[in-house]
Structure formats: C-alpha cells, structure tokens
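**Q** Supplied in structure tokens, the structure appears directly below.
Values quoted throughout were computed directly from the atomic coordinates according to the rules given, and no laboratory measurement underlies them. Just so it is clear, the model here is predicted, and its values are computed rather than measured. Cβ sites come from the backbone with ideal geometry, for glycine too, and all protein chains shown count toward neighbours.
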Amino acid sequence: MPKWGMLVDLDRCSGCRACVAACQIENNVPINTEEIVNQRRGIQWIRIERYWEGTEYPAAKVRNGAMLCQHCRNAPCEPVCPVYATYHNSEGLNTQIYNRCIGTRYCANNDPYNVRFFNYWEPQWPESYYHYLNPDVTVRSKGVMEKCTFCVQRIRRTERQAKREGRALKDGDVQPACVQACPTDALVFGDISDTGSRVSRLAQDKRHFRVLESLGTDPVVFYLKKVDPQHVGDAAKQPAAH
Amino acid sequence: MRERKVLSDSLINDELLRFPLHTPTWFWFAAGFLGLFILAFISAIGIMVVFGLGVTGLNKPVMWGWMITNFVFWVGISHAGVMISAILRLSQAEWRRPVTRAAEVLTVFSLATAALFPLIHTGRPWRAILWVFPYDFARGIWPSVRSPLIWDPSAIFTYLTGSTLFVYVALLPDLAVARDRTTGWRHAFYSALALGFRGTPRQWKLQTIAGILLSALILPVFVSVHSIVSWDFAVALVPVWHGTVFAPYFVIGAVHSGVSAVATMMAVLRWVFRLENYITPDHFDALGRLLVTVGTAWLYFFFLDVVFALFSQEAEEVIVMQQRLFEWPWNFLTVMLLVTAYVIPVPLWLSRRVRRSITAMFFTSLLVNVGMWTERYWIIVPGLMKKYDFSYSWDQFTPSLIEITLVVGSFAIVFFGLLLFAKIFPIIPIFEQKEGQIFAEEIEVGRARVPAVIRE
C-alpha cells in the first residue's frame, strides 16, 4: 500500500500559477470570479502565496510558496468532524466525503494551513463550461467542505490501469494535475513509504522542512528551502568573517 | 431575615392566575410584535437554506461568526435559571420561592433557542439533524464521538430534558389549581397536564422528592454544559482558543450573564404583571450581592485568559491579542465589554440603595448582557481572523443583514416563549408561595410565639 506524499521545491517555483489553473480544471473547482474573491470566499485547492521582502527594486524580493492540503498524518481537521466526513484513508490521503458532510466548518477552523474550503454558494460555471467538467470528479453542492484530494481520481485510474496490465505501480506513474502542469518541475509526487522514490530521495535534501511543523501535525508535503543567490555560501563564509 | 407580606390564599390564587385566565389587549399586540421578528427570523433561515450560507458575512478564514457567538450567549443565559433554582432549593433559601419558575423557564427557552443556532449554522441543516441523532445504522456509520460537536448536542439535550422536567414537576400543583378554577377546554387542557394531581400527602411527597432529586442531578449537568461548549473552542488549534482555562472561564461567564438576565427578567415581570407583592427589592438585593461575587470572578478569569495568551509568548497568540487590544474595532470592543460587564455595574451593586432599586437593577443587569454578548464575539472571531503565519489568508469579518436578523430574532423567540408560558401557566409558583406563607406563620407554644417551621 503506497503512502502518497508531495514535495515542493521553493527554489524552482517561479510563481506562475499553472498548478492553480490545472487544479481548478481537473477538480471542477468553481471559478473564483471577482465577486467571490471580494467576498473573500475564493476556492483554491492549491494556491501560490506571494510575500514581498523589501520595497524598492534591487532590494525587493518576491517569495512564492505553494500551499495545498498537507495531508497531515496527525490531521487536526479530522477528529473535530462530528460525522466522519473527513478521515484518513489507508493510502495516507486526508479525504473529504461530500455526501456525509453537513457543513459545520469546524474542520476549516481547526486547519492551521487554511486549505479547506466551504461552498458558500451553489457552484456555477458559464453555460458552455458545463461540457468541460471532469466526469471523474463530483461537482460539490452548496454547504459542503472541499479540499485537495491529491487528485484521488488519477491515483485510482492509474492503479486500475496498472492492475489491468498486470504490473505494479512505478514511481512517477501517478501525477496529480498540479504536478503535471508545473513547468519548472518544482512539484514532485510519489510514494513516501518507498525510500527509492524520487519524492523520498528529494525530501532527504538538507534544505527540507515542513510547514508549521511545531504544531505536530506531521504533514506529508515536504518543502525545500529557496536558495538565495546573494547568500549562497554565506554559511561557509560567516566563520571566516569573525 | 426579611419581612414578608401576609397574603390570603384566595388573593394569591387570584393575582397569580389573573394573566393565565384573563387576556388583556396588550397581550395580542405584544405577541404580534414579537411574531413579526420571529417571521423575519424564519425568513432569514429560509434564505440561508435556499441560497446557501453565502448570504451571511462569513468568509474563508472566519468560518464561525455571529451565529456561534449568539449560540454561546444563549447557552450562557440558560445557566442562571437552573443554577439559581436548584442551588436555592437545595439550600432551602426561602426567598427563592417567587423567582424559581421564571428563572427555570428562561433556561428552557434560551437553551432551546441556543440549540437552534448550531443547526441552522451548518451548510446543510436538513442533513445536520442526522448528526444530532445517530444515523445510518445499516452501514455502520455513527457520529464521531471524538468531535466536540457530538459532546455539545449531547450535553445540551441532556440539560434541556432535565430543565424541562424540572419546570414540569414544579408546575404540577399549580396546574391542579388552574384545573380546579377553569371550565371548558381550558379545564380539559389543565386536567390533562396536571396528571391527576389532587394534593394527597403521597403526591406531595413524591413531588417534593422529585424536585430535590432533579435539583441535585441537574447541577453537575449545568456545570458540564458550558464546559463542553467551551471545549468547542478549547479543543481546536486556533490561536487564543487553545486554552485550558476556557471551561471554568465560560462557566463563570455564563453564570454572570445568566444571573443578570434573571434580574432583568424579574424587573420586567414585576412591571408587566404587577407582581409587587411577590417580587420585592429583597430579591434584587440578593441577586445583586451574588452578582458582585460572580462578576469579579469572571473578571479574574478574563484577565487570566489574556495573561495566558501573553505569558506563553507564542507569536500567533500575541498577534491576535495585539489585534484585540490595539486595533479597531476590537480595541473599542475590549473597552466596551469591560465597562459594560464590570466597571459600571459591579461597583454600583456595592451600594445597597442601587441593589434595592428595581430600575437601577434593570439597567445594570441589562448592561452586563450587552457586555457578555460582546465578550463572546471578542473570544470567538479574532482568533479565526489571524490564524497562524499565513498572513496571505488573514481577513476581517463583517456580519450581514441575515446574521443581524437572526440575532435580533433570537431575542424575540425567547421573549415570545416567556410571554406564551406566562399566558398559559402561572409564572410565579402558587404552591411555593403558599408553602412559604405557612412556613412563616407563627404559632403559640405556651405563652411564646414561635415560627411554625424553622428555616433560613
């Protein structure tokens, strides 16, 4: 049984938001119109958070970071749901069962990463877009929570295909939409229980960290720190300066 | 301890059954007026169900707002009734007699109103009903008992059942009195409810025992209910919610706002039903003294909560606390809740003249509840606005018209319930009143006059 996990290399992320668009299309995420954004109810299963450092050009720096459900192995959102609408499955996914969800929104409150979204309105698309909805993914109704699933429909499809072909899943077979769309290969997806997988190997990098690790949520999304060109080798230089 | 007016039994019957048996014109106006608000309340729920919760002011970081604030507020109000009634009954305080029922009924209606809010606050209330009542046995799907949202309805429905029984048991003898003084459908109605109470010694004994047992059983429930409500917050990871002090803090806050609400309600009852013979300045004096203690204890916990947040030196908590104390409008609300819930009323209650003035008690106790509503808002929302380090997702909360309607409507529901109850049942316990008279009577023993029954 694989345990799925992801890695985000912040040094490679250019903040292009291809992952965001791919995710919206793959997962039938309602369109974040200007009105919805102004209501502060935008739904983005994966988002690029942009933070600025400094104010004037040469000194000003932009920091992009992809934030998506961390599929925590000790997820704070799970125990607070009164109806088991969210639970951890055997493949390490934090799943959301729309039919069971009654919309108490407690999971969203208890989620420190702000990656759970509530359908405040019935999701709507322009008429012609209804032909483009992904038939593999449920269209959520108003009043339920939704969140990143690591594209569980793709995982299942690939697993079925591998089974039909009578072979085991290979590393890199399963690719969520965001990973597939990433032009700089900043996102890596794979089985973290397999020490040989690409994601496991990259997560050993000395730049690795996990977000809000101090809360003890034990996320399976790993991050690699950005390398600042100005400061390359700083660590080595510093002792000499003193 | 205090002077007692000597009233004849027939006068007590007449005065206390006047409103249930005769309908003044103002009743229809009052009921109609409150009915309009209730209609608005129901329409607001309808709009939420049809269009989705988008019609509220809630947004992505702030998923809980005024509705949950109002829920906590009404659960808080519901605390006083049974606390006053049960504690005073067990301690056999004589002055409790006229106020117990009104306090208990306030508990029942405010609790029922409070229980509405988490339900209508869910995204899919038509399914949420299955969350309160375990469902889907066939597929083995049970509610998750790890969730505070399961503890919550369990505690509230236990409390609601207990306090309803409590009211009913104390109502039985009065229903019998009403039955004996009515004809026609009213007679049939009161007969059915009186369960054949005839006032035999055995019935009195059972009624008394049931009352005492329920008092003793309901006290732990009363403490647990608001503790559990506080765990809805304390169990969560949200900065400033995540505190062990929450349970006693919420309980004492509930008692503060609840006892104040009882004082407000008693003043209104006295004015509306002209109960000068029954609700006296002595009662307000006693409640005022209780409130000085409770209010001060609440203030202690309030500051304890602030100190805990700052003492830990966790950046997340400090940021939220900074917003609460220094940023508009939270800095205003901080000052407002302290002034209204403590700084104005409590020093005033130190004066005996204020405590015995019904007008002063009415306004000061009302002020406390303005402050306590603000306090609940102050506790719940800021933590959600600035949750952890992702300043990208920080946002504000502004209530919409729907939420304002729901909050105002909830007050109308409670007032309407109280009015309806007072219309159907005597709001001052008749039998308790008479029992008090008998206990206060003096008998001659030899040459001395001594109280018939020694109490107090």
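**Q** Can you tell me, using C-alpha contacts under 8 Å and at least 6 residues apart, the relative contact order of chain A as a whole percent?
**A** Relative contact order, chain A: 29 percent.
**Q** State the answer as a single residue: which of B:SER230, B:LEU401, B:THR158 lies farthest towards the positive end of the charge dipole of chain B, with beta carbon charges of +1 for Lys and Arg and -1 for Asp and Glu, about the Cα centre.
**A** B:THR158
**Q** Here is a follow-up. Among the lysines, select those whose C-alpha is under 25 Å from the C-alpha of A:LYS142, and discard any that sit fewer than 8 residues away in the same chain.
**A** Excluding near neighbours in sequence, the set is B:LYS60, B:LYS387.
**Q** What ranking do B:HIS283, B:HIS242 get, fewest neighbouring Cβ atoms within 10 angstrom at the top?
**A** Lowest to highest Cβ neighbour count: B:HIS242, B:HIS283.
**Q** When the distances between all Cα atoms of segment A:4-229 are binned every 5 Å from zero, what whole-number percent does each bin get?
**A** Distribution as computed: 1, 6, 13, 18, 19, 17, 13, 7, 3, 1, 0, 0 percent.
**Q** Averaged over its residues, how many other protein chain Cβ atoms are within 10 Å of peptide B:59-68's Cβ atoms?
**A** Whole-number average of other-chain Cβ neighbours for B:59-68 is 5.
**Q** When the dipole is taken about the Cα centre of segment A:1-123, and only Lys, Arg (+1) and Asp, Glu (-1) are charged at their Cβ, what size is it in debye, to the nearest 20?
**A** Values: 13 positive and 12 negative charges, 36 e Å.
That gives a dipole near 180 debye.
**Q** Helix-derived [θ] at 222 nm for chain A: sum -39500 (n - 2.57) over DSSP H runs of at least 4, divide by residue count, nearest 500? List each step's numbers first, then the result.
**A** Working: 7 runs with 49 residues, N = 242.
Per the formula, -5000 deg cm²/dmol.
**Q** Also, quick follow-up: Just tell me how shielded B:149-156 is by partners: mean number of partner chain Cβ atoms within 10 Å of each residue's Cβ, no decimals.
**A** Details: counts 7, 4, 1, 1, 1, 0, 0, 0.
That average works out to 2.
**Q** Find out how many positive minus negative residues lie around A:PRO176, taking Lys and Arg as positive, Asp and Glu as negative, among other residues whose Cβ is under 9 Å from that of A:PRO176.
**A** 0
**Q** Between A:GLY92, A:GLY143, A:GLY54, find the one with the highest GNM mean-square fluctuation for chain A; connect C-alpha pairs within less than 10 Å.
**A** Evaluated over chain A, the most mobile residue of the options is A:GLY54.
**Q** Would you mind checking which residues have amide H under 5 Å from A:LYS3's amide H? H placed 1.01 Å from N; only 5 or more apart, or other chain.
**A** A:ILE192, A:SER193, A:ASP194
**Q** Counting every Cα pair in segment B:157-213, what percent are over 18 Å apart? Could the numbers behind the result be given before it?
**A** Values: 598 of 1596 pairs.
Of the Cα pairs, 37 percent sit more than 18 Å apart.
**Q** Where does segment B:9-451 land on Rg(C-alpha)/(2.2 N^0.38 Å)?
**A** 1.04
**Q** Can you tell me the FRET efficiency between A:ASN32 and A:THR195 if r is taken as the Cβ-Cβ distance and R0 is 35 Å, rounded to the nearest 0.05?
**A** For R0 = 35 Å, the calculated efficiency reads 0.35.
**Q** Which order do the peptides B:34-41, B:164-171 take when ranked by the mean count of other beta-carbon atoms within 10 Å per residue, highest first? Provide the component values of the computation, followed by the final result.
**A** Numbers: B:34-41: 16.2, B:164-171: 19.9.
In descending order of packing, they fall as B:164-171, B:34-41.
**Q** Between the alpha-carbon centers of segment A:135-195 and segment A:30-48, tell me the distance in whole angstrom.
**A** 23
**Q** If I measure Cβ to Cβ between cysteines in the protein assembly as shown, which ones have no partner under 4.7 Å?
**A** Cys with no partner Cβ under 4.7 Å: A:CYS13, A:CYS16, A:CYS23, A:CYS72, A:CYS81, A:CYS101, A:CYS151, A:CYS182.
**Q** Sticking with this structure for a sec: For segment A:25-66, run through the GluC sites (Glu not before Pro) and keep only the ones in DSSP coil with at most 11 other Cβ atoms within 10 Å of their Cβ.
**A** A:GLU56
**Q** Sticking with this one: Which order do the peptides B:293-303, B:179-189 come out in when sorted by mean C-beta neighbours inside 10 angstrom, highest first?
**A** Highest-to-lowest ranking by the protection proxy: B:293-303, B:179-189.
**Q** What ranking of A:SER90, A:SER197, B:SER365, B:SER78 emerges when the number of other C-beta atoms within 10 Å of each C-beta is taken as an exposure proxy, fewest first?
**A** Lowest count first: A:SER90, A:SER197, B:SER365, B:SER78.
**Q** Fewest Cβ neighbours within 10 Å first, please rank B:SER91, B:SER215 accordingly. Mind showing how you got there, number by number?
**A** Details: B:SER91 10, B:SER215 21.
If I rank by nearby Cβ atoms, fewest first, I get B:SER91, B:SER215.
**Q** Can you compute the charge dipole magnitude of chain B about its Cα centre, using +1 on each Lys and Arg Cβ and -1 on each Asp and Glu Cβ, nothing else charged? Give it in debye, rounded to the nearest 20.
**A** Here chain B has a charge dipole of around 1000 debye.
**Q** Still on this structure, I have one more. Give the average, rounded to an integer, of partner chain Cβ atoms located within 10 angstrom of each Cβ in A:96-104.
**A** Counting Cβ atoms of other protein chains within 10 Å of each residue's Cβ and averaging gives 5.
**Q** Which GluC sites (Glu not before Pro) does segment B:391-453 hold that lie in a coil by DSSP with at most 16 other beta carbons within 10 Å?
**A** B:GLU441
**Q** Among A:TYR87, A:TYR106, A:TYR51, which one moves the most in a GNM of chain A with springs linking Cα atoms closer than 10 Å?
**A** So, out of A:TYR87, A:TYR106, A:TYR51, the one fluctuating most is A:TYR51.
**Q** Here is a further query. Residue by residue through segment B:199-214, what is 3J(HN,Hα) from phi via Karplus (6.51 cos²θ - 1.76 cosθ + 1.60, θ = phi - 60°)? Round to whole Hz and write x for glycine and proline.
**A** x, 6, x, 5, 5, 4, 5, 4, 5, 5, 5, 4, x, 5, 4, 4
**Q** Using the Karplus curve 6.51 cos²θ - 1.76 cosθ + 1.60 with θ = phi - 60°, what ³J(HN,Hα) values do you get for each residue of segment B:32-37, in whole Hz, with x for Gly and Pro?
**A** So the J values, rounded to whole Hz, are x, 4, 5, x, 4, 5.
**Q** Highest GNM mean-square fluctuation, chain A, Cα pairs closer than 10 Å: which of A:ARG40, A:ARG156, A:ARG105?
**A** A:ARG40
**Q** If you don't mind, another one. What number, rounded to the nearest 500 deg cm²/dmol, is the helix-based mean residue ellipticity at 222 nm of chain B, given -39500 (n - 2.57) per DSSP H run of at least four residues and division by all its residues? Walk me through the numbers on the way to the answer.
**A** Working: 17 runs with 326 residues, N = 456.
Counting only the DSSP helices, I get -24500 deg cm²/dmol.
**Q** What's the magnitude of the charge dipole for the protein assembly as shown around its Cα centre, counting Lys and Arg as +1 and Asp and Glu as -1 at the beta-carbon? Answer in Debye, nearest 20. Let's see the in-between values first.
**A** Numbers: 67 positive and 56 negative charges, 202 e Å.
Dipole of the protein assembly as shown, to the nearest 20 debye: 960 debye.
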